[in-house]
Amino acid sequence: MTIESLRDLTSAETCSTLVLKVGSSLLVDAKGQPRQEWLAGLVDEIAKMCALGQRIVVVSSGAIALGAARLGLPKGGRASLADAQAAASVGQIALSGLWSSLLEQRGLSAAQMLVTLGDLEERRRYLNASSTLSRLLEAGVVPVVNENDSVATEEIRFGDNDRLAARVGQAAGANAVILLSDVDGLMDRDPAEPGAQFVPIVRGVTDTIRAMAGAISGSGMGSGGMVSKIQAAEIAERAGISLAIINGQNQCPISRAVERNLGTIFVPTRQDGAKRAWLGGRIAPLGTLVVDEGCIAALAKGASLLAAGIVRVDGTFERSQLVTIADSDGCAIAQGLAEYDAETCVRLSGKRQSEQAEILGHAPRSAVVHRDHMVML
């Protein structure tokens, strides 16, 4: 059944598996201490949904904030990468213990899953994570997922738990994702502008919707904002997953949002196959292949990317690594797995297949990016 409203998110019939993302500013107060009363109310809601037959995955921020308070680190543990990693190492123990204790009090078992960008970007590791989530949910456990900030670097990380929640939603086979935020949802422009209107439902993310996003979140504790939430909605949409943004600042925020029908829900208008959804949700391409207009037209009709249509190669990548396919203005139109490394792509760019064998010294592959390993953006 299709999820069309916030009420559908709390029904096992329409939403059997739900991912719930909790941000740092909601879970931890300004002094770096857990907001115990608020968190207890949220766990009560989780327990009620589980009792009604829903399977819940929690994506929880807060490790850095909790650890920074315990270590007395400046700027909430974000003064340097080393501080953030140290704070995460200390805070993750506190965070997992917090969730485990509260869920156990309500008869539920918690499981900790720490993931890095590579765990969801590399196909084999992604499938392993998916299998683990599936087994935990089958066992009636509530997985609590967070990025492993103790080892993640600025160059190799999600950077926000909004997109992580959407990727976890894909891996868990979820029907929907809820992002608890510090705003009620999406506005059609900066809320400070006269005439700003609330957007209750979005059917497919478009350029118009992307233009509405702005840096609305001002807590200073987390790393997300409305831009990351729109990106998360796009990732979720590829897998046919609905995504909702609701205000988490109130006690029992999910019940409140449902009762008042207050929040923005993104209803997907597409559903790629499992592998294409995974490809489209990847966020760390290692290079860019700039192509001509004729190639763009061919790709739109379902063709593979041929070397003859490539006009420029940027970045450093190996065979089977993720690349973006872009037009001459740098606008991304697709992404996929390269059949050649960057150096070879440079040598082959603009060349027809009849010329490639002489350059390579052997028969060329059928494409630089095959359509079976590519997704249009």
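The values are calculated or read from the model by the stated rules, or taken from the named source; none is laboratory data. Quick caveat, the model's predicted, so the values are computed rather than measured. Note that we place each Cβ from the backbone using ideal geometry, even for glycine, and neighbour counts take in every protein chain shown.
Side notes on the structure shown:
- Residue count for the stretch 245-286, restricted to those that are of a type in the set (Phe, Trp, Tyr) and closer than 20 Å to residue 213 by Cα: 1
- So residue 318, is it part of a helix (DSSP H, G or I) and under 23 Å from residue 363 (Cα atoms): no
- Listed by position, the helices (runs of 4 or more DSSP H) enclosed by the stretch 1-100 that each have at least 2 residues that are farther than 30 Å from residue 200 by Cα and touching a helix residue (DSSP H, G or I) at 6+ places or on another chain (Cβ under 6 Å) are 63-71.
- 2 or more residues under 25 Å from residue 275 (Cβ atoms) and at pLDDT below 90: qualifying helices (runs of 4 or more DSSP H) within the stretch 107-194: 117-121
- Number of the condition not met by residue 355 [criteria: (1) modelled with pLDDT of 95 or more; (2) surrounded by 13 or more Cβ atoms within 10 Å (Cβ to Cβ); (3) of a type in the set (Asp, Glu)]: (1)
- Residue list for the stretch 244-287, filter: of a type in the set (Gly, Ala, Ser), outside any helix (DSSP H, G or I) and more than 16 Å from the chain's Cα centre (by Cα): 248, 263, 273, 287
- Checked against the criterion of being free of Cβ contacts under 8 Å to residues at least 24 places away in the same chain and either surrounded by 13 or more Cβ atoms within 10 Å (Cβ to Cβ) or more than 19 Å from residue 282 (Cβ to Cβ) (or both), the candidates 297, 326 yield just one match: 297.
- Among the residues of the stretch 12-34, those that are surrounded by fewer than 19 Cβ atoms within 10 Å (Cβ to Cβ) and closer than 23 Å to residue 232 by Cβ comprise 14, 16.
- Where a residue in the stretch 225-244 is more than 16 Å from residue 212 (Cβ to Cβ) and basic (Lys, Arg) and its partner, wherever it lies, is modelled with pLDDT of 90 or more and crowded, with 24+ Cβ neighbours inside 10 Å, with Cβ under 8 Å and at least six apart: 238/170
- Residue in the stretch 124-146 that is surrounded by 13 or more Cβ atoms within 10 Å (Cβ to Cβ) and acidic (Asp, Glu) present: no
- The set of residues in the stretch 72-93 being polar (S, T, N, Q) and surrounded by 18 or more Cβ atoms within 10 Å (Cβ to Cβ) consists of 85, 92.
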